[in-house]
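The block underneath contains the structure these notes are about, expressed in structure tokens.
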Amino acid sequence: MEKLTTLYVKRAELWFFLTILAYFLMNGAQIFETLVFVPKWTASPPDSFQLLLVGQGTGLKEFWIAFHSLHEITFLLAIAFCWKIKPVRNWLLILFVIHMAVRVWTLAFFAPNIIYFQEVADNPSLATELNDQTSLWKALNYVRVLIFMAISIGLIPLFLKLRNIRNLL
């Protein structure tokens with residue numbers, strides 16, 4: 001580990017804390033969505049898909065794009081500011097790779113399916129095997145949210161390690 005200054009570690013702590021805060025806020029929104037909103041729009045497809053339409057229901061696309069973008073910027077800044085602190089940096093990189101893998105999964109599976117469900121809401125004749133598709137989406141969403149929660153919980157011991165490093169300076 002390079003020679004660290006108290007100022008360097010305090011800046012690292014600040015960005016790390018903001019990352020944790022953003023992650024826990026994101027988790028709160030995901031838990032709310034998973035427990036309240038998802039059961040409503042999956043209740044009786046295709047009629048319940050109306051809730052997914054912007055203007056008729058809840059358009060969450062912009063919210064999630066903004067929230068994930070903000071969170072990922074803070075995450076990258078935490079990595080940058082922790083770069084000289086090898087044990088923290090390495091675990092942050094591992095957690096970030098896991099996070100990005102789940103984001104890729106989101107973009108490859110969850111987003112296209114939501115788009116399909118929105119298309120079905122506009123044109124119910126497109127509907128095929130909706131109960132199976134919504135059940136799969138809902139079940140995999142639980143897994144996705146649990147992974148995101150595990151990552152955010154994994155950040156806490158790293159933050160405590162960072163605080164201990166500062167206390168040793």
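Here are the numbers for the structure shown:
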| quantity | calculated |
| --- | --- |
| Cleavage-rule hits (GluC sites (Glu not before Pro)) in the range 1-41: DSSP loop, at most 13 neighbouring Cβ within 10 angstrom | GLU2 |
| Net length gained if the chain between LEU107 and THR34 were fully extended (0.36 nm per residue, minus Cα distance) | 24.6 nm |
| Segment ASN27-TRP91, extension gain: residue separation times 0.36 nm, minus the distance between their alpha carbons | 21.0 nm |
| Sparse-neighbour loop sites [chymotrypsin sites (Phe, Trp or Tyr not before Pro); the range 58-105; at most 16 other C-beta within 10 Å; DSSP] | TRP83 |
| Cα gyration tensor shape for the range 87-149, rounded if a/c is under 1.5, else prolate or oblate | prolate |
| In degrees, nearest ten, helix 86-105 long axis to first principal axis of the chain (Cα) | 10 |
| Efficiency of FRET between LEU60 and ILE156 - r from beta-carbon atoms, R0 22 angstrom, step 0.05 | 0.20 |
| Cα radius of gyration and Dmax for the range 6-168 (Å) | 18.8, 66 |
| On Cα atoms only, tilt of 61-81 relative to the major axis of the chain in degrees | 20 |
| Over the chain, relative contact order from alpha-carbon pairs under 8 Å, at least 6 apart, % | 41 |
| Lysine-lysine proximity count for the chain, Cα under 28 Å, sequence distance 8 or more or distinct chains | 11 |
| Angle in degrees between helix 6-32 and the longest Cα principal axis of the chain, rounded to the nearest 10 | 20 |
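Every number in this text was worked out from the coordinates using simple rules, so none of it is lab data. Model, not experiment: these values are computed from the prediction. Heads up, the Cβs are rebuilt from the backbone with ideal geometry, glycines too, and the neighbour counts pull from every protein chain shown.
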